Amino acid sequence: MVIKSLRTTARKVVVVAAAGALAATGAIALAGTADAATTLGAAAAARGKYFGAAVSAGHLGEAQYTSTWTTEFNGVTPENEMKWDTIEPNRNQFNFSPADQITTQARGRSMTIRGHTLVWHSQLAGWVSGLDATNLRSAMVNHINGVMGHYKGQIYAWDVVNEAFAENGARRSESPFQQKLGNGYIEEAFRAARAADPAAKLCYNDYNTDGQNAKSNGVFAMVQDFKSRGVPIDCVGFQSHFNSASPVPSDYQANLARFASLGVDVQITELDIEGSGSTQANNYTRVLNACLAVSRCTGITVWGIPDKYSWRASGTPLLFDSNYGKKAAYTAALNALNGGTTDPPPENPPPSGGACTATVTTNQWQDGFVGTVRVTAGSAQVNGWTVTVTLPTGATITSGWNANRSGNIGAVNFTNVSFNGSIAPGQSVEFGYQGTGTGSGATTSCAAG
Ligand code: XIL
């Protein structure tokens, strides 16, 4: 992955240099990369993904806002218009017109529409939290039926439940749904949603789940449980709100991959990264490359268009400045989306090279674990590697990512895949696995070549 990012950087330099030369002659299209797309949506579409933006109905009257949306993006999430306090402000009285203003335009342009969100403790209509359990349950199902019924057949994916977990991986206790209906409310919501619009993908969406941590492990265990019991769930949304206090985690891609390995799609649903200049641009590149590297990552949505309308405007976290100028982050995003189209076909590096070491970090929960293995080259370049992970008795690996694997118990061999076999001196790559039983205490050894 280190090598991949170096390659990406090298390619970006070439593309930018070419664009600079062409700009001087007045031809600013990215010629030279004949198939490079010139908008985010077209570039994403060429990679089989959507690139959406959160849109507010209240801004649609601003010509530049709407033209930037419809020119650059091929997806949309209504930023607030489908939330319970707006869409069902009184019991069984639905107010669809603000959201319809967005969906009508989006449908006319065949955009991918994400529905956000059905069951959430925040921006909830006041009348809901006062209900007793029986009434709350029927109000929740009626809300799902009413909203999903109105948009039936129009929505690519619904955030059925939003932000139901606390930072420690337990359920969020301040949710009235949690308090009155107990742990089962999420499952009830997903089952009702499947019945209401069987064609829509059903997502669980949350923040601070972007790396492997207690909270994402809680969500992971829930998704694993749902899949094992046949509870309908199709996707997990990673909000991906980043700033210096909450940076892009180093295992962002591995975390997407481990969820995908459960048999769900993953989506980046509310991306914004505070900052400016090349630091911000590089962070966008990392996030987009992570999605591009995970085949089940079906799309990316940024949480707004110009900085001035961001919910975190002071952090200037978006791709367009407040005058709709394209920021360095925009160029980085477009180049990342275009980049892979010019990648040479990957090859397995020939088996030769210097020594390597491997370390494993295990995230253990009650009856399962995720191991993240870091493979580091010594003072010489590594070209191909084999890591042997020796698991404690009773531990069984059920899936993995970013490595080939033989076996699932005892001493398990992992070898590099096409894109992470070459490791520059002192650099590292990561792969991971998940399993059942107790994975803590695993030991590792590494052989290069
Ligand atoms: C935010 C909107 O962007 C704001 O306009 C609104 O005032 C508050 O909500 N997690 C979510 C989004 O799931 O719905 C939130 O959106 C941001 C955090």
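What follows is calculated from the coordinates using simple rules that are stated; it is not laboratory data. This structure is a prediction, so every number in the text was calculated from the model and none was measured. For neighbour counting, all protein chains shown are included, and Cβ atoms are generated from backbone atoms with ideal geometry for every residue, glycine included.
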Considering only the chain, percent of DSSP beta bridges that pair antiparallel, nearest 5: 60 percent
Tell me, what HN-Hα J-couplings in whole Hz come from the Karplus equation 6.51 cos²θ - 1.76 cosθ + 1.60 at θ = phi - 60° for each residue of the stretch 157-170, using x for Gly and Pro? 8, 10, 7, 5, 10, 10, 6, 8, 10, 8, 4, 7, x, 7
DSSP-loop GluC sites (Glu not before Pro) across the stretch 123-201, with at most 16 other Cβ within 10 angstrom: Glu167, Glu174
Arrange the peptides 207-218, 391-402 so that the one whose residues have, on average, the most other Cβ atoms within 10 Å appears first. 207-218, 391-402
At what distance in nm do the modelled label points of Ser295 and Trp311 sit from each other, each positioned 7 Å from its Cα along Cα→Cβ? 3.4 nm
Placed amide H near Thr209: partners under 5 Å, 5+ positions off or other chain: Gln239, Ser240
Could you give each residue of the stretch 431-439 its phi-based ³J(HN,Hα) in whole Hz, using Karplus coefficients 6.51, -1.76, 1.60 with θ = phi - 60°, and x for Gly or Pro? 9, x, 8, 10, x, 10, x, 9, x
Sequence neighbours fewer than 8 away in the same chain don't count; with that in mind, list the lysines whose C-alpha is under 25 Å from Lys152. Lys49, Lys83, Lys201, Lys227
For Ala54, distant residues with modelled amide H under 5 Å away: Thr77, Val302, Trp303, Gly304
For the pair Gln154/Ser250, report the inter-label distance in nm, with labels modelled 7 Å from Cα in the Cβ direction. 4.6 nm
Taking θ = phi - 60°, what integer Hz values does the Karplus form 6.51 cos²θ - 1.76 cosθ + 1.60 yield along the stretch 206-214, in sequence order, with x for Gly and Pro? 7, 10, 6, 10, 7, x, 7, 7, 4
So if each residue of separation counts as 0.36 nm, and I subtract the Cα-Cα distance between Ala195 and Thr436, what length gain in nm does that give? 83.6 nm
